1. So how many residues does the range 692-716 have that are of a type in the set (Ser, Thr, Tyr), surrounded by fewer than 18 Cβ atoms within 10 Å (Cβ to Cβ) and farther than 16 Å from Arg129 by Cβ?
2. Evaluate the range 398-419: report whether one residue or more is over 18 Å from Tyr445 (Cα atoms), in contact (Cβ under 8 Å) with a residue 24 or more places away in the chain, crowded, with 18+ Cβ neighbours inside 10 Å and out of contact with any Pro (no Cβ under 9 Å at 6 or more places or on another chain).
3. In this structure, is Ala590 out of contact with any His (no Cβ under 8 Å at 6 or more places or on another chain), farther than 28 Å from Ile498 by Cα and touching a residue at least 12 places away in the same chain (Cβ under 8 Å)?
4. Go through the range 440-477 and give me each residue that's of a type in the set (Val, Ile, Thr) and part of a strand (DSSP E or B).
5. Does Pro479 satisfy the condition of being closer than 18 Å to Arg210 by Cα, at pLDDT 85 or above, surrounded by fewer than 17 Cβ atoms within 10 Å (Cβ to Cβ) and not hydroxyl-bearing (Ser, Thr, Tyr)?
6. On the basis of being more than 22 Å from Lys413 (Cα to Cα) and surrounded by fewer than 17 Cβ atoms within 10 Å (Cβ to Cβ), does Val341 make the cut?
7. For the range 618-661, how many residues meet the condition of being part of a strand (DSSP E or B), over 22 Å from Gly132 (Cα atoms) and of a type in the set (Ser, Thr, Tyr)?
8. Pick from the range 631-650 the residues that are in contact (Cβ under 8 Å) with a residue 24 or more places away in the chain and more than 26 Å from the chain's Cα centre (by Cα): which of them is farthest from Val575 (Cα to Cα)?
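The values are calculated or read from the model by the stated rules, or taken from the named source; none is laboratory data. All figures in this text were calculated on a predicted structure; none of them were measured in a lab. Ideal geometry is used to build each Cβ from the backbone, glycine not excepted, and the neighbour counts take in all protein chains shown.
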Amino acid sequence: MCSLIVALLLTAGTQAHAQQRVVSGQVLDAAGHPVAGATVGHLATEVTTDEEGRFSLAIPKAPTDIVVVADTFETMIATVGRGQSQLDVRLTVATNEAGEVIRILGRDPELLAETKPTRYEMGPALIRRVPGAGNDALKSIQTMPGVGRVPYGMGGLVLRGNSPRDSNVYLDGIEVPLLYHFGGLASFYPSTTLKSLELLGGGYSAEFGRALGGLVTVESRSPQQDHWRVTPEMSMIDLSLQADGPVKNGGVSVGLRRSIIDAVLPALGTSSEITTAPRYYDGQLRYDTPLWTGANLSARVFGSDDEIGLLYGERMDRRFTYGAQFARVGVQFEQETDTGVFRLAPWLGTDDFQMESVDQKMLSKNNPYGGRSSYHRRFSLGVVAGGIDLSGGDFEVKSTTIATGQFDVVERKKRYLNAGAWLLAKIRLWDGRANLSPGVRVEHYSLSEEYVVDPRLVVSHEVSDALVVRESLGIFHQPPAISDSLWGNEDLESSYSIQTALGAEYRLSPYWSAAATGFYSDLRNLAIDDPSAPQGALSNLTTSKLGALSSTREFMAKQFGTFSKLVNEGSGRNVGAEVMLKYIGRHGFAWLSYTGSRAERKRALAPEEGWTRFVLDQPHVLTVIGSTSWGSWQFGARARYSSGSAFTPILGGTSGPGGTVPIYGEEYSERHPDFYQLDLRIDHVWHRSWGSVNAFLDIQNITKRTNIEGRLYDDDYESFEETEGLPLFPAFGVSYIPGE
């Protein structure tokens with residue numbers, strides 16, 4: 001209500017009061033559903049929408065601004081023209097993309113922003129139009145503070161200096177192994193079925209665990225149940241079809257997508273090194289049905305299938321292929337009462353990953369399963385909650401290596417189970433001027449036979465109506481990866497980080513806001529390469545042959561491990577600051593996102609070696625985005641800059657048992673040139689009685705800048721060629737949104 005009053009006061013000087021008229025209309029969400037209980041106001045007059053989202057409001061006859069406010073939606077200011085008596089308003093969902101993980105529970109007090117660390121809000125309808133994101137809402141989160149640029153466009157998230165392997169991804173509470181299709185061109189989940197998204201750089205609540213770094217939580221929306229709608233979309237990247245509607249006793253939503261980038265890239269004249277361009281499929285199915293008063297049941301199935309192939313080597317006679325398939329099926333039961341909410345959500349799945357080079361073939365299979373249960377209880381000062389969280393699986397890996405003309409086959413199987421229990425509270429003090437969120441998580445890891453305890457705390461202070469200051473402190477454990485334990489050390493222990501952050505949010509005006517956060521993570525007991533062990537079987541692949549892309553195995557480690565024996569002798573530190581300045585107006589949006597950080601690692605038992613750069617260390621990452629509308633047109637641009645990727649130089653080669661082996665320089669002592677990219681986007685919408693058609697042109701790297709991502713060495717390691725990043729890439733697409 002405060003935001004409504006402020007916005008109304010800002011419009012006060014521009015209105016005429018002498019003559020009145022009545023404007024009527026309907027408030028809808030982005031999907032066309034009515035929004036009941038929204039407040040529509042002008043100056044001191046306000047009304048509330050009914051169950052169908054309808055309202056009637058007396059306003060001056062002159063052109064007038066009205067303000068629409070609704071819970072979980074962005075505040076909107078709409079202009080009513082002279083003589084206009086009808087106005088329909090569509091609201092954008094306010095989605096948290098960074099901050100603590102908090103489940104959305106209807107009217108619970110924990111919806112209040114005061115209980116969360118500093119966060120960066122963006123609605124799905126807005127982030128789908130971010131230039132350079134290819135109409136993919138989940139790709140837009142790569143422009144947020146605290147998110148590093150991923151080398152070579154590979155899939156994954158680098159959050160506050162942590163490896164992608166140290167962050168977890170959840171869809172409707174179900175853990176998934178990948179957020180992006182290989183190549184990073186699209187996420188595994190289409191934007192058309194997205195309800196909400198949170199990007200959690202750190203400091204998340206005790207409800208989630210088993211990650212040193214950050215968390216991404218995605219929630220799918222419920223099927224629309226009034227009538228059937230079919231929404232097709234076609235672009236130069238992929239083809240998709242989404243449909244939902246009513247069935248007996250509930251609603252169904254289904255989505256299918258297939259990439260066509262494998263047909264587009266050859267037409268654009270890209271490198272012949274790519275033999276199989278990134279090709280992917282994904283699909284989703286969700287069914288919702290009410291059971292009894294306050295009780296609902298939903299079931300979902302989703303999956304993804306990826307494949308890519310590359311040629312490398314001095315004569316381009318060597319091949320590298322990668323394939324990834326996963327599927328998940330789960331159900332969720334929810335019972336809401338006047339005092340609280342109970343949830344139960346079991347799931348199971350299958351993972352299948354393959355990787356093959358000229359001298360190595362890897363197969364990784366997993367049959368994971370898990371489940372979450374929780375109860376949130378309201379009380380006078382806030383919410384208290386607790387729950388149980390399980391995840392396990394049957395894991396199998398097979399490695400076939402060609403060494404000195406002979407095959408060396410390693411095949412191992414193992415089962416694992418991680419079990420956790422958590423308890424937290426959200427407490428409002430002094431009428432919300434101070435807020436506490438203490439929590440604790442206790443877990444058992446079967447692989448290392450450990451019990452761990454993680455206490456966490458978030459404190460916030462509402463200094464004024466415009467300024468909120470937040471602090472967080474906590475411990476975050478991560479169990480040993482079963483894929484790592486299969487490479488020579490089955491006695492690995494968990495790693496953990498001690499995270500702290502201090503942040504502030506300031507509302508400059510109804511349109512402008514600013515946020516800044518300083519963070520520090522102390523990482524301990526990290527699993528690092530055993531210096532006394534021989535180099536891993538794929539060291540030639542992960543370090544030299546693919547162009548000093550030393551970060552390659554960081555993106556494959558969850559599926560295959562690190563290809564070498566590990567020991568818990570590592571420590572690390574991530575320190576930095578992230579800043580966001582954001583504008584959301586009636587006719588456009590803009591933001592500036594900057595992260596300055598340092599990520600370093602060292603061997604705990606060799607302190608004399610000192611700190612070295614982490615392979616994913618990026619001191620500076622800057623993104624500037626702007627977009628404005630002109631009638632039915634939308635024009636936008638994105639400029640990106642980041643420090644070049646770190647790598648270990650190769651100084652030459654020497655004779656070894658299997659041929660020439662590289663001589664390495666100081667670890668991660670050099671960087672590739674800094675990265676620059678400019679992207680443009682144009683949208684045009686045609687509104688008709690039968691629906692809307694949106695055409696967009698999204699051009700990445702419009703300046704055709706050559707960004708160096710790695711090096712390809714010859715067989716003797718005496719010379720190399722630099723590998724280039726994404727060329728100029730135009731993506732044209734058309735989508736259809738059916739009418740009501």
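1. From the range 692-716, those of a type in the set (Ser, Thr, Tyr) are 692, 703, 706, 713; that's our starting set.
After this cut, where a residue has to be surrounded by fewer than 18 Cβ atoms within 10 Å (Cβ to Cβ) as well, the list is 692, 703, 706.
This time we only want the ones that are farther than 16 Å from Arg129 by Cβ, so: 703, 706.
Residues that pass the stated criteria total 2.
2. Within the range 398-419, one or more residues are over 18 Å from Tyr445 (Cα atoms), in contact (Cβ under 8 Å) with a residue 24 or more places away in the chain, crowded, with 18+ Cβ neighbours inside 10 Å and out of contact with any Pro (no Cβ under 9 Å at 6 or more places or on another chain).
3. Criteria met by Ala590.
4. Val440, Val442, Val452, Val453, Val458, Val459, Val468, Val469, Ile475
5. On the way: closer than 18 Å to Arg210 by Cα: yes; at pLDDT 85 or above: yes; surrounded by fewer than 17 Cβ atoms within 10 Å (Cβ to Cβ): no; not hydroxyl-bearing (Ser, Thr, Tyr): yes.
When the stated conditions are applied, Pro479 does not pass them.
6. Working: more than 22 Å from Lys413 (Cα to Cα): yes; surrounded by fewer than 17 Cβ atoms within 10 Å (Cβ to Cβ): no.
Answer is no for this residue.
7. The number of residues fulfilling the criteria is 3.
8. Keep residues of the range 631-650 that are in contact (Cβ under 8 Å) with a residue 24 or more places away in the chain, which gives 632-650.
Cutting the leftovers down to more than 26 Å from the chain's Cα centre (by Cα) gives us 632-633, 648-650.
On the way: Ser632: 44, Trp633: 42, Thr648: 22, Pro649: 25, Ile650: 29 Å.
Of everything passing the filter in the range 631-650, Ser632 is farthest from Val575 (Cα to Cα).
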